[in-house]
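Asker: Dumping the structure here so I can ask a few things about it.
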Amino acid sequence: GNKNINAKLVLLGDVGAGKSSLVLRFVKGQFVEFQESTIGAAFFSQTLAVNDATVKFEIWDTAGQERYHSLAPMYYRGAAAAIIVYDITNQASFERAKKWVQELQAQGNPGMVMALAGNKVDLLDARKVAAEEAQTYAQENGLFFKETSAKTASNVNEIFYEIAKRLPRV
Ligand code: GTP
Ligand code: MG
């Protein structure tokens with residue numbers, strides 16, 4: 001039969017990686033070139049139908065600026081899923097993503113579904129992080145990996161859909 005699932009989802013990642021842009025694309029189908037840096041966190045919700053279930057995502061889009069780091073546990077605590085975002089044109093953002101994965105592995109909810117998003121894949125000419133490197137890292141750490149573009153919408157719905165499929169059916 002049909003199941004309704006509520007799932008808290010958190011986005012984490014470096015400043016400017018594209019967390020808000022991915023959410024805006026997923027929730028409103030929009031993209032803006034001059035997205036403002038998030039202050040604290042922002043909340044959104046969006047419902048997705050997958051196979052036998054309707055998943056209502058309760059999405060916390062966190063701020064990447066370091067001064068907000070101490071707030072993050074409020075948003076990932078109790079979360080069923082996390083998307084850790086980096087920018088494929090920025091090696092430092094990939095290193096920051098790995099730190100978030102470590103923090104979630106140490107302090108997050110043990111059954112959390114984790115996705116690694118290599119965002120801005122539309123900027124291929126400026127690539128600094130190889131897809132193979134990220135894929136290997138993701139596999140070794142129990143995440144699934146997709147390269148995304150909030151600008152072109154590439155793999156944006158897919159990453160949320162894939163999370164929805166992996167959520168435990170209570
Ligand atoms: P904080 O809120 O500061 O942590 O940043 P954020 O991770 O939410 O990044 P945000 O979505 O604000 O995006 C930062 C900048 O990157 C904005 O100017 C976006 O327009 C741009 N951007 C985001 N996603 C993409 C993308 O897929 N492709 C391109 N070309 N630009 C993107
Ligand atoms: Mg933001």
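The values are calculated or read from the model by the stated rules, or taken from the named source; none is laboratory data. These numbers come from a predicted model, not from an experiment. Cβ atoms come from the backbone with ideal geometry, glycine included; neighbour counts cover every protein chain shown. Side chains are part of the model used for accessible areas, which takes the heavy atoms of the whole protein and leaves out ligands, DNA and RNA. Shrake-Rupley method; radii C 1.70, N 1.55, O 1.52, S 1.80 Å.
Asker: Kindly provide the set of residues from the stretch 59-77 that are away from ligand 1 (no atom under 14 Å from the Cβ) and open to solvent by less than 50 Å² (accessible area, probe 1.4 Å), ordered by number.
Answerer: The answer is P73, Y76.
Asker: Sticking with this one: In the stretch 91-129, which residue that is under 12 Å from Y76 (Cα atoms) and of a type in the set (V, I, T) is most open to solvent (accessible area, probe 1.4 Å)?
Answerer: V113
Asker: Output the number of residues of the stretch 35-81 satisfying the condition of being within 11 Å of ligand 2 (Cβ to nearest atom), farther than 19 Å from S93 by Cβ and assigned to a loop (DSSP other than H, G, I, E, B).
Answerer: 2
Matching residues to (1) farther than 22 Å from K151 by Cα; (2) among the aliphatic types (A, V, I, L, M):
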{"site": "A79", "(1), (2)": "yes, yes"}
{"site": "V85", "(1), (2)": "no, yes"}
{"site": "N109", "(1), (2)": "yes, no"}
{"site": "M112", "(1), (2)": "yes, yes"}
{"site": "L123", "(1), (2)": "no, yes"}
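Asker: Which of the residues spanning the stretch 27-48 are among the small types (G, A, S) and open to solvent by 80 Å² or more (accessible area, probe 1.4 Å)?
Answerer: Hits for the stretch 27-48: nothing passes.
Asker: Would you please name the residue that is most open to solvent (accessible area, probe 1.4 Å), looking only at residues in the stretch 139-170 that are of a type in the set (G, A, S) and in a loop (DSSP other than H, G, I, E, B)?
Answerer: Checking each candidate, the answer is G142.
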